[in-house]
Amino acid sequence: DDVGIGKTIEGLLIIRELIERGTIQSFAVLCPPHLCEQWQKELSDKLDIEAEIIRSSTVAGLERKIVGDDTLNVFNYYPYQVISIDYVKGDTKKNLFLRDAPQLVIVDEAHTCARPQNQRDNQQQRFHLLKALSKDENRHLVLLTATPHSGKDEEFQSLLELINPEFEFYNLLELSTTEKRKVAGHFVQRKRRNIEKWLDEDTPFPKRTTEELPYSLSEEYRKLYHEVLKFARGISVEGIAQNKARIKYFAALTLLRGVMSSPDAGYEMLQKRK
């Protein structure tokens with residue numbers, strides 16, 4: 001989906017439909033850590049479902065509430081789960097989760113789980129987790145993303161592979177009509193223009209404009225800016241190795257942007273730098 005047209009709502013609708021049909025009795029939402037509370041709130045507000053957040057900071061408390069035999073754990077005791085994907089991607093928790101994973105798994109920000117070309121370890125772990133989940137053909141797997149294709153066919157194809165292993169061997173540049181129909185049966189793409197007039201209703205998405213506007217600084221803020229600018233130049237001096245110089249340059253640039261963004265942001269960044 002384009003940004004802002006309702007991936008979360010689509011996921012919630014799928015959850016509700018499968019529950020109402022009696023197809024599933026449990027589900028898990030896998031998402032980056034910073035989205036756990038958002039998913040929990042949306043499930044509560046829109047479906048009246050109280051899901052448990054499972055991550056390193058909550059698991060101890062959840063385990064204390066488990067009543068029963070030793071075979072029970074957070075993954076098979078709580079029917080509705082919002083799980084930090086980084087908590088279960090490692091070998092320690094991965095096997096336990098795979099053994100007891102629920103019947104429906106929704107993966108938010110699925111593009112962060114693609115098999116990367118540069119083989120970063122953290123993304124590799126995410127991909128291998130989903131690859132193992134996808135091997136159970138009876139499990140419902142929904143991948144949500146606003147950016148499925150970053151311009152690298154291999155990474156996009158690795159997401160398709162999770163839905164149907166046959167797609168791993170497709171040549172995306174030369175798909176036959178039959179192959180296109182197979183992919184279309186699993187891959188849904190919505191743009192804003194597709195839903196602007198949906199069901200004869202107008203959805204007036206805001207028009208984005210870009211322009212530069214000058215603004216004045218107070219005398220105190222101007223003094224602070226020049227002091228930070230002097231400091232930033234000091235930490236990005238020449239004469240050091242090129243890779244370190246690049247890192248220091250961007251650190252200095254980020255600091256300046258933070259200070260000019262807001263006093264609070266600048267204060268926090270300076271405290272960390274201190």
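Return the residue satisfying two criteria in turn: it lies in segment 76-100 and is hydroxyl-bearing (Ser, Thr, Tyr) and within 21 Å of the chain's Cα centre (by Cα), and of such residues it is most open to solvent (accessible area, probe 1.4 Å).
Filtering segment 76-100 down to residues hydroxyl-bearing (Ser, Thr, Tyr) leaves 77-78, 80, 84, 87, 92.
Narrowing the set further to residues that are within 21 Å of the chain's Cα centre (by Cα) leaves 80, 84, 87.
Working: 80: 66, 84: 6, 87: 38 Å².
If we take residues in segment 76-100 being hydroxyl-bearing (Ser, Thr, Tyr) and within 21 Å of the chain's Cα centre (by Cα), then 80 is most open to solvent (accessible area, probe 1.4 Å).
Output the residue which, of all residues in segment 202-233 that are under 30 Å from the mean Cα position of the chain (by Cα) and of a type outside the set (Ser, Thr, Tyr), is nearest to residue 252 (Cα to Cα). Even if it seems obvious, please write down each step before you answer.
Quick first cut of segment 202-233, residues under 30 Å from the mean Cα position of the chain (by Cα) only: 202-211.
Still in the list and also of a type outside the set (Ser, Thr, Tyr): 202, 204-208, 211.
Numbers: 202: 45, 204: 40, 205: 36, 206: 34, 207: 33, 208: 29, 211: 25 Å.
Per the stated criteria, the residue is 211.
For segment 40-61, which positions are under 19 Å from residue 89 (Cα atoms) and either out of contact with any Pro (no Cβ under 7 Å at 6 or more places or on another chain) or small (Gly, Ala, Ser) (or both)?
Initially, segment 40-61 is screened for residues under 19 Å from residue 89 (Cα atoms), giving 52-60.
Matches in segment 40-61: 52, 53, 54, 56, 57, 58, 59, 60.
For the structure I just gave you, tell me whether residue 178 is part of a loop (DSSP other than H, G, I, E, B), out of contact with any Lys or Arg (no Cβ under 7 Å at 6 or more places or on another chain) and not charged (D, E, K, R). Lay out the reasoning, then the answer.
Working: part of a loop (DSSP other than H, G, I, E, B): no; out of contact with any Lys or Arg (no Cβ under 7 Å at 6 or more places or on another chain): yes; not charged (D, E, K, R): yes.
In short, no.
Consider residue 173 against the criteria (1) within 30 Å of residue 124 (Cβ to Cβ); (2) open to solvent by less than 90 Å² (accessible area, probe 1.4 Å): it satisfies all of them except one. Which criterion is unmet?
(2)
Restricting to segment 1-43, count the residues that are free of Cβ contacts under 8 Å to residues at least 60 places away in the same chain, assigned to a helix (DSSP H, G or I) and open to solvent by 30 Å² or more (accessible area, probe 1.4 Å).
14
Kindly establish whether residue 190 is part of a helix (DSSP H, G or I) and either surrounded by 11 or more Cβ atoms within 10 Å (Cβ to Cβ) or β-branched (Val, Ile, Thr) (or both). Explain how you work it out, then say what you get.
Values: part of a helix (DSSP H, G or I): no; either surrounded by 11 or more Cβ atoms within 10 Å (Cβ to Cβ) or β-branched (Val, Ile, Thr) (or both): yes.
No.
Within segment 59-75, track down each residue that is surrounded by fewer than 17 Cβ atoms within 10 Å (Cβ to Cβ) and of a type outside the set (A, V, I, L, M).
61, 63, 64, 65, 68, 69, 70, 71, listed by residue number.
The values are calculated or read from the model by the stated rules, or taken from the named source; none is laboratory data. This structure is a prediction, so every number in the text was calculated from the model and none was measured. All Cβ positions, even for glycine, are placed from backbone atoms using ideal geometry, and neighbour counts span all protein chains on display. Accessible surface areas use protein heavy atoms only, side chains included; no ligands, DNA or RNA. Shrake-Rupley method; radii C 1.70, N 1.55, O 1.52, S 1.80 Å.
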